[in-house]
Amino acid sequence: MKKILLLSCALVLLNGLPVNAEESVSTSDIDESVESIEETEYKDPFDPESYETTFEEDVYKIGTDMPAGEYKVFSVEDHASYTLTNDARGEDYVAYMSFDTFVYMSVEEDQFLELKNSFAIPVEDAEPVVIENDIIGPGVYRIGIDIDPGEYKVTATDEHASYTITGDANMNDYIDYSSIDKSNYIEVLEGEYLEIKNAEINLN
């Protein structure tokens, strides 16, 4: 059925092309149009199969199992989290994040990373966040990549709403934090990270 629909779309596209008496639409023309449509199909950012390189739920030693660098981490189930420590016992904490959507993290050689109900991809493989209906919802955003620098109004959508602005992917270098009763104004700069919890930004 999917192939039939794609062929129909291809025929509609080709129907608009000028064809003289000596020209005809070949099977290869249709195949190329189908391939073009398939290449632009939507990829679910929360599906590990959408990416070439993924690190799924497990414990990793950085530099041995997983390269050092910055990653984007997506939830695949409720209670997703990552824990980053300097020791195998998990006592010397570097960073911990629980999340419902996506976050960023930076890992260094010889650290230990535990992913739960989540998977990570190299940050260079991450597409900028697609903002639907001009609403920026819960998650962690890179300023200058996912969201433009500037001033925004953040509005609570549930209890325990808050925002956090930091200078690093692991959300340790705090710049600004506040709980949100109704709404707050924030200013974010290039290179910062913004976490929104139980709140949203309306760009309209």
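The values are calculated or read from the model by the stated rules, or taken from the named source; none is laboratory data. None of the values given here were measured: they were computed from a predicted structure. Glycine also receives a Cβ, built like all others from the backbone with ideal geometry; neighbour counts cover every protein chain displayed.
Does Tyr104 meet the test of being assigned to a strand (DSSP E or B), in contact with a Lys or Arg (Cβ under 7 Å, 6 or more places away or on another chain), of a type in the set (Ser, Thr, Tyr) and at pLDDT 95 or above?
Yes; evaluated as a whole, the condition is true for this residue.
Do you know which of the residues in the stretch 68-90 that are assigned to a loop (DSSP other than H, G, I, E, B) and free of Cβ contacts under 8 Å to residues at least 40 places away in the same chain is nearest to Pro45 (Cα to Cα)?
At the first step, the residues of the stretch 68-90 found to be assigned to a loop (DSSP other than H, G, I, E, B) are 68, 76-79, 86-90.
If we keep only those that are free of Cβ contacts under 8 Å to residues at least 40 places away in the same chain as well, we get 78-79, 86-90.
Values: Asp78: 16, His79: 18, Asn86: 29, Asp87: 31, Ala88: 31, Arg89: 32, Gly90: 29 Å.
Within the stretch 68-90, the match that is nearest to Pro45 (Cα to Cα) is Asp78.
Are any of the residues in the stretch 128-139 outside any loop (DSSP other than H, G, I, E, B), touching a Pro at 6+ places or on another chain (Cβ under 8 Å) and outside the structural domain of Phe55 (by TED's automatic domain parsing)?
Looking for residues that are outside any loop (DSSP other than H, G, I, E, B), touching a Pro at 6+ places or on another chain (Cβ under 8 Å) and outside the structural domain of Phe55 (by TED's automatic domain parsing), one finds none in the stretch 128-139, hence no.
Is it fair to say Thr85 is surrounded by 13 or more Cβ atoms within 10 Å (Cβ to Cβ) and assigned by TED's automatic domain parsing to the domain that holds Glu187?
No, not satisfied.
Among Phe74, Phe112, which is buried (at least 19 other Cβ atoms within 10 Å of the Cβ), at pLDDT 95 or above and farther than 23 Å from Thr164 by Cα?
Phe112
Would you tally the residues in the stretch 119-136 being crowded, with 17+ Cβ neighbours inside 10 Å and more than 12 Å from the chain's Cα centre (by Cα)?
Qualifying residue count for the region: 1.
Looking at (1) of a type in the set (Ser, Thr, Tyr); (2) over 18 Å from Pro48 (Cβ atoms); (3) free of Cβ contacts under 8 Å to residues at least 40 places away in the same chain, which is the only condition Thr157 fails?
Failing condition for Thr157: (3).
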